[in-house]
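Here, each number is a calculation from the coordinates, and none is a lab measurement. Given the structure is predicted, the values throughout are model-derived calculations rather than measurements. Note that we place each Cβ from the backbone using ideal geometry, even for glycine, and neighbour counts take in every protein chain shown.
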Amino acid sequence: MNHLTRRPRRNRKSDVIRNLVQENHLTLHDLIFPIFVTEGQNVQQAIPSMPGISRFSLDRLVDEVGECVELGIKAFAPFPNISEDKKDRFAQESKNPDGLFLKTISELKRQFPGIVLATDVAMDPYSTDGHDGIVDNGEIINDASLEVLGQMALAQAQAGADIVAPSDMMDGRVAHIRQLLDKHAFYNVAIMSYTAKYASGFYGPFRDALESAPKHGDKKTYQMNPANSREALIEAELDTLEGADYLMVKPALSYLDVIKSLRDNSNLPIAAYNVSGEYAMVKAAAQNGWLDGEKIMLETLLSMKRAGADIILTYFAKEFAQYVKR
Ligand code: PBG
C-alpha cells in the first residue's frame with residue numbers, strides 16, 4: 001500500500017466539500033447583457049450568426065428588458081442598428097436627441113429606473129465608413145475623432161447613461177470624455193474603458209447585428225495586435241491616469257492572460273467582454289450536438305472570473321439567468 005500524506009482528492013469528495021473549497025463563483029451580479037435596438041415598431045429580427053439574440057425595436061426592447069429584469073439582470077449595454085440613410089462621415093446621428101439610441105437610453109431608464117446602462121461610445125454604428133473614428137484619406141484621424149466621441153458621450157450622459165464605455169481605441173479619449181462630463185457636472189457618470197481591445201476576428205457576428213462592418217480597410221491602426229500583452233499594460237496605465245473607473249479586456253476567451261495581467265497590475269474593477277464570435281462558436285457547436293452548450297457557457301464564463309474579471313459582458317446573460325432560476 002502506498003502511503004500518501006497529501007491526497008488532493010479528499011477536497012473533491014462530495015458536493016458539499018467541493019462547494020466549501022470552491023475559489024471562484026459566477027453570479028448574476030457579475031453580468032452585463034449587451035442588447036441591440038433597431039428602428040420601427042413591433043420589430044424583432046433574429047441575428048442568424050447569434051442564435052437566441054435579436055434586434056428589437058424600442059417598444060419590443062422594453063418588453064425584453066422587462067423580462068430580463070424579472071430574471072434578475074440589472075445591467076445592460078445597448079447598441080444601435082442605425083439605418084444607412086442616417087449615417088455620415090462624422091457620426092452626427094449619435095448626437096441627435098430624437099435619434100434611436102438616445103431615445104432608447106432615456107426610455108429604458110424611465111421604464112426601469114433601477115437598471116444600469118453602460119452605453120457604447122464609438123463612431124462605427126453611425127459612420128458611412130464603418131470605422132470608430134473619422135476617416136480622412138483612408139486614415140483614422142485621432143484628435144478630431146475625440147471631439148465627436150466627447151459629444152457622443154455627453155449626449156448619452158444627458159439621456160441618462162450611468163456608465164459610458166468608449167470602445168473606439170483612440171488615444172486620449174478617456175481624459176477627453178472625463179473633462180467634458182465634469183464640465184457639464186456629470187461627475188457621477190462613470191467611464192468603462194475598452195482598455196485592451198484587440199483587432200479581432202471574433203467581432204464578425206456583432207457587425208452583422210449592427211450592419212457596422214468597415215466599408216474599407218481594417219481596424220489595425222487603432223485596435224491592438226493580438227500578438228501583444230505588455231502593450232495592454234501601457235493602455236491600462238494611461239486609462240487609469242486619464243480617469244477610467246473600469247478597465248475592460250476584449251475579447252475575453254483568447255485573452256484570459258491579458259485579463260489576469262490587468263488584474264495583477266491594477267486595483268480598478270476589470271471587465272471582460274465575452275464577444276459575439278465567442279458566443280457564436282459555442283452556439284454552433286451546441287446546435288450540432290458536438291458540445292453541451294450549457295456546460296460550456298458555465299465553464300467559459302467561470303474561466304473569465306478565474307482569470308480575474310469582476311464583470312463580464314456576455315450574450316449568455318439571459319440564458320444564465322434562466323439557468324440560475326431553474
Ligand atoms: C464597436 C464595437 C465592436 C464591438 C463592441 N463595440 C465591434 C468592433 O470594434 O468592430 C464588438 C462586440 C462583439 O463582438 O460582441 N466599437
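So the values come out like this:
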item: Residue selected from the range 193-202 under the condition surrounded by 22 or more Cβ atoms within 10 Å (Cβ to Cβ) and within 12 Å of the ligand (Cβ to nearest atom), by the criterion nearest to the chain's Cα centre (by Cα); result: Tyr194
item: Which listed residue, of Glu235, Glu231, Glu294, is over 20 Å from the mean Cα position of the chain (by Cα) and either outside any helix (DSSP H, G or I) or closer than 29 Å to His176 by Cα (or both); result: Glu231
item: Among the residues listed as Ala190, Ala157, Ala185, the single one being on the phi > 0 side of the Ramachandran plot, aliphatic (A, V, I, L, M) and more than 16 Å from the ligand (Cβ to nearest atom); result: Ala185
item: Looking only at the range 61-90, and only at residues there that are of a type in the set (Lys, Arg) and surrounded by fewer than 19 Cβ atoms within 10 Å (Cβ to Cβ), the one that is nearest to Asn42 (Cα to Cα); result: Lys86
item: Members of the range 238-278 that are closer than 20 Å to Met297 by Cα, among the hydrophobic types (A, V, I, L, M, F, W, C), in contact with a Phe, Trp or Tyr (Cβ under 9 Å, 6 or more places away or on another chain) and not in a strand (DSSP E or B); result: Ala252, Leu253, Val275
item: Selected residue [under 28 Å from Ala213 (Cβ atoms), free of Cβ contacts under 8 Å to residues at least 60 places away in the same chain and crowded, with 17+ Cβ neighbours inside 10 Å] from Ala271, Ala280, Ala286, Ala317; result: Ala286
item: Those residues of the range 160-199 which are in contact (Cβ under 8 Å) with a residue 40 or more places away in the chain, out of contact with any helix residue (DSSP H, G or I) (no Cβ under 7 Å at 6 or more places or on another chain) and under 19 Å from Ile140 (Cα atoms), in sequence order; result: Ser167, Met169, Tyr194, Lys197
